[in-house]
Every structure is written in C-alpha cells, then in structure tokens.
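Shown next, in structure tokens, is the structure this report addresses.
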Amino acid sequence: TSRRPLIAGNWKMNLNHLEAIALVQKLAFSLTPEQLEKVETVVLPPFVDIRSVQTLIDGDRYLIGFGAQDVSRHASGAYTGEIAASMLAKLGCTYVTVGHSERRQYHNETDEVVAAKVRAALAEGISPILCVGEPLEVREAGTHVAHTTEQLLAAVDGLSAEEVAKVVVAYEPVWAIGTGRTATPENAQEVIAALRAALRKSFGDVAESVRLLYGGSVKGSNVAEIMSQDDIDGALVGGASLNADDFTTIVRFPE
Ligand code: G2H
C-alpha cells in the first residue's frame, strides 16, 4: 500500500522525568534518518515530559514525532486540570490519542466525549489517534465488528473527508491490552478491514489513505506478522515502547 507505516509509543503513566529523557535520547541515537523516513515514529509521553521530549527531538533528530495521550474537549476556560489542544499544538505535538480504552473505562469517556476530543484536536491541526476496541464479552458474543464500527462512526460523524484524512484509527481489543494476549494478525485484519470499509461507505475514497493501526501487546517478535496484513498500517505500542531496544526493534520491522 502507499500508506506510510506509523509506529506510536504510548508510554501511559510510566517513567520519571529523567527516564523519559534517557529513553528519547536513546531512540534518537539508535534510529537512523532512513529508518525514520520509512516508518513514521512517534512517542506519546505523559504531559509533563512533552517539553523535554520536544527540546531533545528538536535538534538534529527531529524525525521522531511526539504527541500527548489525551486532550480536553474544550478550547479553553475554567476546566481545572485540563490541557487544551492549542497548548499541545504550541508545544509541537502532532498527534494525540483519543478514546483509549483505559480512558473510556476509568474516566467515563463516552463516544460523545471522544467525538468532541477528535474535533478539538483537528481544530488545532493535531491528528487524533482514535482508539476503538471491544471488551472480552463482546468478542465472545461475536459482535466485535459491529461494536468497533459503531465506536468509530460515532467519533467521526459529521467530519469532512479532509478532516477524516488526518485521523488515525487504532484498533485495540481490550482483552489484548497489556495482557500478553495478542489478537492474531487475522483477527486484527478482519476488524481493521471492516473499519476501513465503514469509512469508505461514509466518506468515500479518502478511506484508502486513512491509517489504521493495531494495538495490544505488540512487541518485536510479533510486529512483522501484524504489519504484513493488508489493512494494518502500523501499531500503537504500550509496554514495549518503554524500553529503547524493544521499541527500536519494533520500528525496524521492515528489516
Ligand atoms: C494498548 C497498548 C498501547 P500494550 O493499550 O496503547 O498497550 O502494548 O501494553 O498492550
């Protein structure tokens, strides 16, 4: 496909500030410009580390991208503790994860909140990495395709084709997150192809350029097989993004 692969490291709520700096430095020195050209590589640190990451990446190794793990649905105002998309944009963030299952589960993020966050990010020129995925019960009931398609369409409803082109979708089956249990590449391809078909139905040809990622226990040993699936354009990596060697191995999957 002509879609450029994207590997995004979701650090979640891990690492102290010095560890975060050390990790980015190691990545910047171990990944070559050629590797980063071939595979778009992004880190998603906790908010407090973003400025340092930006400073380190802004030097000669600016080819690594960075973003945040969440964003406020509001543009500005009396929302104590929240971070606005405009603030992230000013820091140079180009991506933000929206609707991660951990936020849906522990922070009551509904499809409506997720949709508002997608819009807030796009309004500031930030690409949302929109996460969808089914819990175990839904997978066992066999309704995972309908479930994830509904989550996707609820989040992108009403967007223009031009806006949809900037959205990245991450399919993360909840039962495969941090559990060591990975969806088979075929399981993931089935759902991701269905998500692309749903985008095509609503938005037309732009669906061919939207990147769809898989997430859930991706590691160096399974990334190549996952990436070999037709509709899978990249990975959202949690645990294995916290170690420079592991993450570098993942980014180097084409080799
Ligand atoms: C899924 C993934 C990254 P992990 O949440 O978003 O985490 O790779 O640890 O399963």
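The values are calculated or read from the model by the stated rules, or taken from the named source; none is laboratory data. For clarity, every value in this text was computed on a predicted model and none was experimentally measured. As a convention, Cβ positions derive from the backbone with ideal geometry for all residues, glycine included, and neighbour counts pool all protein chains shown.
For this structure, a couple of remarks:
- Failed criterion for ARG211 (all others in (1) more than 23 Å from GLY239 (Cβ to Cβ); (2) touching a Lys or Arg at 6+ places or on another chain (Cβ under 7 Å) hold): (1)
- In this structure, LEU44 qualifies as within 16 Å of the ligand (Cβ to nearest atom), modelled with pLDDT of 95 or more and not hydroxyl-bearing (Ser, Thr, Tyr).
- Close pairs (7 angstrom Cβ cut-off, 6 or more residues apart or separate chains): in contact (Cβ under 8 Å) with a residue 24 or more places away in the chain in the range 102-116, part of a loop (DSSP other than H, G, I, E, B) anywhere: ARG103/ASP70; ARG103/GLU109; VAL113/ARG73; VAL114/GLY99; ALA115/ASP157; ALA116/ARG73
- Looking across the range 1-14 at every residue that is buried (at least 18 other Cβ atoms within 10 Å of the Cβ) and assigned to a loop (DSSP other than H, G, I, E, B), the one that is farthest from the ligand (Cβ to nearest atom) is identified as PRO5.
- Boolean, ASP246 is free of Cβ contacts under 8 Å to residues at least 60 places away in the same chain, assigned to a helix (DSSP H, G or I) and more than 12 Å from the ligand (Cβ to nearest atom): no
- Only one of ARG139, ARG181, ARG200, ARG196 that is among the basic types (Lys, Arg), in a helix (DSSP H, G or I) and at pLDDT below 95: ARG139
- Complete set of residues in the range 76-107 that are of a type in the set (Gly, Ala, Ser) and within 16 Å of the ligand (Cβ to nearest atom): GLY99, SER101
- Screening PHE203 on (1) touching a helix residue (DSSP H, G or I) at 6+ places or on another chain (Cβ under 7 Å); (2) within 15 Å of the ligand (Cβ to nearest atom) shows it passes everything except condition (2).
- Consider the range 194-225 and keep the residues that are surrounded by fewer than 16 Cβ atoms within 10 Å (Cβ to Cβ) and of a type in the set (A, V, I, L, M). The one that is farthest from HIS147 (Cα to Cα) is ALA224.
- Of all residues in the range 206-218, those satisfying the criterion of being within 16 Å of the ligand (Cβ to nearest atom) and either hydrophobic (A, V, I, L, M, F, W, C) or assigned to a helix (DSSP H, G or I) (or both) are LEU212, LEU213, VAL218.
- The residues of the range 224-243 that are within 11 Å of the ligand (Cβ to nearest atom), in a loop (DSSP other than H, G, I, E, B) and farther than 16 Å from PHE29 by Cα amount to a single one, GLY238.
- Taking residues in the range 173-186 that are within 18 Å of VAL138 (Cα to Cα) and touching a residue at least 40 places away in the same chain (Cβ under 8 Å), and partners anywhere that are near the ligand (Cβ under 9 Å from one of its atoms) and among the hydrophobic types (A, V, I, L, M, F, W, C), the pairs with Cβ atoms closer than 6 Å and at least 6 places apart or on different chains are THR182/ALA176.
- Filter pass, SER221 being in contact (Cβ under 8 Å) with a residue 40 or more places away in the chain and either out of contact with any Ser or Thr (no Cβ under 8 Å at 6 or more places or on another chain) or within 15 Å of the ligand (Cβ to nearest atom) (or both): no
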